[in-house]
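Contents: one structure, followed by commentary.
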Amino acid sequence: MNFYLIIILAIILGSYLLELFVERLNLRNLKTELPEEFTGYYDQARYKKSQEYLIENTRFSLINSSITTPVTIAFILLGGFNLVDRFARGYNLDAIPTGLVFTGALLLASQLLELPFSIYDTFVIEEKFGFNRTTPKTFILDILKSWLLTGLIGGLALYGIIWFFESSGKWAWLYCWIAVTAFQLLLTFLAPVIIMPLFNKYTPLKKEDLREEIENYAKSESFKMKGVYQMDGSRRSTKSNAFFSGFGRFRRIVLFDTLIEKHTTSELVSVLAHEMGHYKKGHIWKSMILSFLTFGFMFYILSLFINNRQLFSAFRMEETSVYASLVFFGFLYGPIDTVLSIFANAFSRRNEYEADSFAVKTYGNPAAMIEALKKLTVDNLSNLTPHPVKVFLSYSHPPVLERIRAIRGMSCSDEQ
Ligand SMILES: [Zn+2]
């Protein structure tokens, strides 16, 4: 049996088993008793509902993996990739357009496989727990728009990557890295202006007093920004959030309308102070550099596997190509990605504590920060007691009880 085939099957099965193991731990960690911190925020019935939400979501994602895993393995073993390659080559195009057809066909197939799951998630699970506000029309338009965008942006990026690896020899990975980095930077500037308005409406914040309070706080921290906006998040879900987009003077604060609805002015300013903390503490550019370094590393390893005959025969391919190398490399990169994301998540969790601390110190209202965190948790039915292994592997934010404890600890030591 082919060495690469063994490795790849082990990777696919291993990550499936890891998911089963972690989710089981996570479910077993559900405490039936409401943590004291949340007394008065949850009654027994609603707390139970939050746990049922977790159970249902977990079961759903395990069913999803239990179907996609064997389908993927069967597709590999039965030579599915070679069939798609023959189909793409059938058009007798050059290497790059053939690669776009090959990758596009695979992507479309996987999207179609995911579609029933996505429908069930939105219209059955989210609906059942009272979150869903997406109409079938919005749902369909969202899919079409995101396919179009993926085709355009992904197609352009893929075009460049294949072109470099076809034509620029051993330094191709370096050129790819530079080009993709530049492209990503361009996208972060363009996204708030061109892409995000395709999905949501952004309007200047209507609530006068809230805007003033935010602007005053931003000024006191000499935080430059372009404005405060609200977004019609309620078009899709009752869940709420807030974020920044853009850079430097072009930064805008965006609040979901659902967030504004449910929180007081001082809670909202606390949430934004936290977001500003991410900029002030340098988290934004640090994570960008981290992701650029990861990309460089990935392109370098990728370059070692381009047109690797053994790898191609693992996938039962008749002919080698740069474009199929990219897809096959994706399978090998999985475990490396898992390890890297553990570090990235740990870094991100540390930044969350730092941003909380920034918000509390500068705005001086720990009670409002804690209140905002509790309301967000209850409104989104987030898990209060995730298993530490789950947190270690995949949480980009610390569990809410730990954040609250850290904030309390901070405000106590300030008083002394
Ligand atoms: Zn944050």
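The values are calculated or read from the model by the stated rules, or taken from the named source; none is laboratory data. In this text, all values refer to a predicted model and were calculated from it rather than measured experimentally. Don't worry about glycine lacking a Cβ; one is built from the backbone with ideal geometry, like all the others, and counts go over all protein chains shown. These area figures cover heavy atoms from the full protein model, side chains too; ligands, DNA and RNA do not enter into them. Shrake-Rupley method; radii C 1.70, N 1.55, O 1.52, S 1.80 Å.
Worth pointing out:
- Fraction of accessible area attributable to carbon and sulfur, the stretch 201-261 (%, probe 1.4 Å): 49 percent
- Stretch in the chain that is longest and holds no GluC sites (Glu not before Pro) that DSSP places in a loop and that have at most 13 other beta carbons within 10 Å: 34-317
- Overall, the accessible surface of the stretch 1-99 at a probe of 1.4 angstrom is composed of carbon and sulfur to the extent of 64 percent.
- Cut-off 20 Å (backbone N to label point 7 Å along Cα→Cβ of Ile55), residues of the stretch 15-30: 20-30
- Computed over the alpha-carbon pairs of the stretch 279-352, the distance histogram in 10 Å steps reads 17, 39, 24, 15, 6, 0 percent, short to long.
- Val400, Val101, Val71, reordered so the largest accessible area comes first (probe 1.4 Å): Val71, Val101, Val400
- Percent accessible area from carbon and sulfur atoms, the stretch 299-413, protein chains only, probe 1.4 Å: 59 percent
- Of all DSSP bridge pairs formed entirely within the chain, close to 55 percent run antiparallel.
- In a DSSP loop and with at most 16 other Cβ atoms within 10 Å, the trypsin sites (Lys or Arg not before Pro) in the stretch 164-267 are Lys201, Lys206, Lys207, Lys224, Lys226.
- Binned Cα-Cα distances of the stretch 302-406, short to long, each 10 Å bin given as a whole percent: 13, 29, 20, 15, 15, 8, 1
- Applying both filters, DSSP loop and at most 13 other Cβ atoms within 10 Å, to the trypsin sites (Lys or Arg not before Pro) of the stretch 1-82 gives Lys31.
- Rounded FRET efficiency, nearest 0.05, which uses the C-beta distance separating Ser266 from Arg405 and R0 of 25 Å: 0.75
- Accessible area per residue for the chain, computed on protein heavy atoms with a 1.4 Å probe, is 52 Å².
- Under the Debye formula (equal points on every Cα, no solvent term), log10 I(q)/I(0) of the stretch 107-196 at q = 0.17, 0.21, 0.23, 0.25 Å⁻¹: -0.88, -1.04, -1.12, -1.18
- Furthest towards positive pole of dipole, Pro204, Gly233, Leu9, structure part the chain, Cβ charges: Pro204
- With one equal scatterer per alpha carbon and no solvent term, the Debye-computed log10 I(q)/I(0) for the chain at 0.07, 0.08, 0.10 1/Å reads -0.41, -0.54, -0.85.
- Mean Kyte hydropathy of 0.0 or more with a Cα span along the axis of at least 30 Å, helices from DSSP in the chain: 3-28, 95-120, 283-305, 322-363
- Under the shape rule built on the C-alpha gyration tensor, where the axes satisfy a ≥ b ≥ c, the stretch 145-237 is oblate, since a/c reaches at least 1.5 while a/b does not exceed b/c.
- Computed label-point distance, nm, for sites Lys224 and Tyr202 using a 7 Å Cα→Cβ extension: 1.8 nm
- Chymotrypsin sites (Phe, Trp or Tyr not before Pro) restricted to the stretch 5-78 and DSSP loop, no more than 13 other C-beta within 10 Å: none
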